[in-house]
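Comments concern the structure below.
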Ligand SMILES: NC(=O)c1ccc[n+]([C@@H]2O[C@H](COP(=O)([O-])OP(=O)(O)OC[C@H]3O[C@@H](n4cnc5c(N)ncnc54)[C@H](O)[C@@H]3O)[C@@H](O)[C@H]2O)c1
């Protein structure tokens, strides 16, 4: 019984480590076998130049190779060829080019499947990055845990930025497990209902401080804790909104907090730039999330955004996620301090 094929690489081809596609060859009796595998989990098995097997949904190059090797053995033993990889229905899009492979990041702000942070987490993961995620408290845990499983997150921790020590504990664990960090997505904001829904002129001091603390200072704090871990550089992201620039009805004190946040982005970008750390605010158009449900007449804001934006379209959390992931790629290495609008162009229209 055949149990092993002796695969060799062709030394003369540029297909070694780091090459996009790796090729392996073996000769068994009169059969010349060939396997090629790509880093995104696609591969082919050829016998005497004819393709007899294919894998297009493996996790990575290694798994693709193992599958094709098993197929080769089955072929040589005269057994039917089939892949053992079950195509599971996944919430993570199947992106072939793993542009962020090897990068590791922290994503804070997933409350449920509608969260902007979830859109970001899906995109980063689809591009091959590893992500650590947090959940607010025990109540939120049951919604976040299944999503963390989808993401195959190695680090899933509680984080309420109002609880002393929790943020530090997250970074400590990252330091211990990963020893490095490539990106952070800060996608949280909070303002007490009475503070948010009253006008700016009536804002009480405690409500103002809570709003600024959760929605702005925590980003600065995360930058502080991430800096020593971004030894080879990295990218810090936070979520802002157009209400920081213009008076948007009902956005009130959150607009003030977002203006401070965007300004913090610029100062942090200037201070951390020499270390290769880039800092961005992403400014999405309105999205129907839990946080948005605290803003009165939010439906009217959605209708207006759709009617006025040049793209005549609302944005999705996936649109926001992909744009954010792009800025984490090395191709964007000279872009920093930016507030990137993902709003169908709404902000350019009078
Ligand atoms: N939804 C929109 O229309 C919109 C548009 C532009 C920007 N944003 C911004 O995007 C970010 C994410 O919001 P979202 O719309 O995805 O809503 P969301 O409700 O899904 O996310 C908000 C997150 O903030 C977290 N949070 C609140 N208080 C916290 C605390 N004390 N500690 C830790 N986490 C805390 C919540 O747990 C939640 O995960 C926010 O900064 C929001 O202002 C939202």
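The values are calculated or read from the model by the stated rules, or taken from the named source; none is laboratory data. Just so it is clear, the structure is predicted and the values come from calculations on it, not from any experiment. Neighbour counts run over all protein chains shown; Cβ positions are idealised from the backbone, glycine included.
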Note to self: Can you tell me which condition residue 223 does not meet? The list is (1) in a strand (DSSP E or B); (2) away from the ligand (no atom under 11 Å from the Cβ); (3) touching a helix residue (DSSP H, G or I) at 6+ places or on another chain (Cβ under 6 Å), and all the others hold.
What the structure shows: (1)
Item checked: Verdict on residue 179 being away from the ligand (no atom under 13 Å from the Cβ) and part of a loop (DSSP other than H, G, I, E, B) -> yes
Item checked: Tally of residues being near the ligand (Cβ under 9 Å from one of its atoms) and under 19 Å from residue 223 (Cβ atoms) across segment 103-115 -> 2
Note to self: Which count do you get for residues in segment 229-248 that are away from the ligand (no atom under 14 Å from the Cβ) and either without any contact (Cβ under 8 Å) to a residue 12 or more places away in the chain or closer than 13 Å to residue 190 by Cα (or both)?
What the structure shows: 1
Check: With respect to the numbered conditions (1) in contact with a helix residue (DSSP H, G or I) (Cβ under 9 Å, 6 or more places away or on another chain); (2) farther than 23 Å from residue 129 by Cα; (3) assigned to a loop (DSSP other than H, G, I, E, B), which one is the sole condition not fulfilled by residue 350?
Finding: (1)
Next item on the list: Please give the number of the condition residue 261 fails out of (1) touching a strand residue (DSSP E or B) at 6+ places or on another chain (Cβ under 9 Å); (2) in contact (Cβ under 8 Å) with a residue 60 or more places away in the chain; (3) more than 26 Å from residue 312 (Cβ to Cβ); (4) within 13 Å of the ligand (Cβ to nearest atom).
Entry: (2)
Next item on the list: Within segment 265-306, work out how many residues are part of a helix (DSSP H, G or I), in contact with a helix residue (DSSP H, G or I) (Cβ under 6 Å, 6 or more places away or on another chain) and more than 13 Å from the ligand (Cβ to nearest atom).
Entry: 1
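This table checks each residue for (1) under 25 Å from residue 233 (Cα atoms); (2) crowded, with 18+ Cβ neighbours inside 10 Å.
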site	(1), (2)
64	no, yes
77	no, no
109	yes, yes
134	yes, yes
Margin query: Tell me whether segment 192-210 contains one or more residues that are buried (at least 20 other Cβ atoms within 10 Å of the Cβ) and within 19 Å of the chain's Cα centre (by Cα).
Written below: no
Item checked: Test for residue 218: is it crowded, with 23+ Cβ neighbours inside 10 Å, closer than 23 Å to residue 134 by Cα and in contact with a helix residue (DSSP H, G or I) (Cβ under 8 Å, 6 or more places away or on another chain) -> no
Next item on the list: State the number of residues belonging to segment 58-86 that are at pLDDT below 85, farther than 17 Å from residue 38 by Cα and touching a strand residue (DSSP E or B) at 6+ places or on another chain (Cβ under 8 Å).
Entry: 1
Margin query: Can you tell me how many residues within segment 126-147 are away from the ligand (no atom under 13 Å from the Cβ) and under 17 Å from residue 187 (Cα atoms)?
Written below: 2
